[in-house]
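First up is the structure itself, then whatever we jot down about it.
The values are calculated or read from the model by the stated rules, or taken from the named source; none is laboratory data. Model, not experiment: these values are computed from the prediction. When we count neighbours, we look across all protein chains shown, and the Cβ atoms used for this are built from the backbone with ideal geometry, even at glycine. Surface accessibility is based on the protein's heavy atoms, side chains included, excluding ligands, DNA and RNA. Shrake-Rupley method; radii C 1.70, N 1.55, O 1.52, S 1.80 Å.
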Amino acid sequence: MIVAEQQTLVLIKPDGLKKSLTGNVLTRLSETKLTIIGAKIVKPTRDLSVAHYSHMKDKPFFEELIRYLMGEFHTPRVMALVYHGEDAIEKVRGICGSTNPEEADPVSIRGAYGRITTKGVYENVIHASTNEEEAEREIKLWFKPGELILEPYPVKEEVASNYRRKVWA
Ligand code: IDP
Ligand code: MG
C-alpha cells in the first residue's frame, strides 16, 4: 500500500501550556517519526479562534470553547506545530486519543491529561487535524508560507506597498 505524505496541524492548547505539558506532548508525538516543519507560540485572537472552530458554531458550548482556545481559563498561549510525513494525520490522531478525555485511551495524550470542566467543555490538551482538507484549511489559518520549511501548498508572491511592519530597532 502506498501511503501519502501529509501535513497535519497540532495545537497544544492553553491547558497543556499552563500544566507544563509541552515537553510530554512533544515526546509522545516524536514516536510518530514525523518531521516538524513549523512551530511557534501564538496568542490566539477571537477571530482566529472562531475561524479555527467554525464547524462548531452551532454547539451550545461554542462560546466556552472559544474562550478556552483563547486561554481565558488558563494562559493566553497556544503552541502551533505542523507535522509532515507518511500518514501524518492518522498517526497524530492516534496518539491524541478520542475527543472526550474520559472516553480516550488512558495512555493517549487526552486520556492521560484531559478533563471535562464543570461547564462541560472538554479540556483535552491538544488539537490535531482530522483529514487532509481540514489540515490544509487549518495550516493556512495558523501559518504563513515563510513560517514553514516546506511549501506543502501552492504559493504566490505579492508586492506590498504601504505596508507597515515591525523590525528590530
Ligand atoms: P476533535 O478536537 O477531536 O477534532 P471536534 O469535534 O472537532 O473534536 O471538537 C473540537 C473541540 O471542541 C474538542 O477538541 C473539544 O475541546 C470540544 N468539544 C467537542 N465536543 C464536545 C462536547 O460534546 N462537549 C464539550 N466540548 C466538546
Ligand atoms: Mg476536530
- Query: For the charge dipole of the chain, defined by +1 on Lys and Arg C-beta atoms and -1 on Asp and Glu C-beta atoms about the Cα centroid, which residue among Thr32, Pro60, Pro152 has the Cα displaced farthest towards the positive pole?
  - Reply: Pro60
- Query: To the nearest 10 square angstrom, what accessible area does Tyr163 show with a 1.4 Å probe?
  - Reply: 150 Å²
- The answer for trypsin sites (Lys or Arg not before Pro) in region 89-167 that fall in a DSSP coil and have at most 12 neighbouring Cβ atoms within 10 Å is Lys119, Lys156, Arg164, Arg165, Lys166
- Expected max-MSF residue from His127, His55, His84 in the GNM of the chain (alpha carbon, under 10 Å) is His55
- Query: Dipole magnitude of region 11-87 about its Cα centre, charges +1 at Lys/Arg Cβ and -1 at Asp/Glu Cβ only, in debye to the nearest 20?
  - Reply: 280 debye
- With only Lys, Arg, Asp and Glu charged, each at its Cβ (+1 for the first two, -1 for the last two), find how big the charge dipole of region 1-137 is about the Cα centre; round to the nearest 20 debye. 660 debye
- Find the relative contact order for the chain and round it to a whole percent, using C-alpha pairs within less than 8 Å whose residues are 6+ positions apart. 31 percent
- Task: Quick one: accessible surface of Met70, probe radius 1.4 Å, all protein chains present, in square angstrom to the nearest 10.
- Result: 40 Å²
- Query: Mind checking which of Glu138, Glu90, Glu31 has the largest fluctuation in a GNM of the chain, springs on alpha carbons under 10 Å?
  - Reply: Glu31
- Query: For the chain, what does the alpha-carbon gyration tensor say about shape, rounded, prolate or oblate, given a ≥ b ≥ c as the root eigenvalues, a/c under 1.5 as rounded, and a/b over b/c as prolate?
  - Reply: oblate
- Query: Which of the trypsin sites (Lys or Arg not before Pro) found in region 1-55 are in a DSSP loop and have at most 12 neighbouring Cβ atoms, other than their own, within 10 Å?
  - Reply: Lys33
- Query: Which helices pass in the chain if a helix is a full DSSP H run, must span at least 30 angstrom along its long axis by Cα, and must have mean Kyte-Doolittle hydropathy not below 0.5?
  - Reply: none
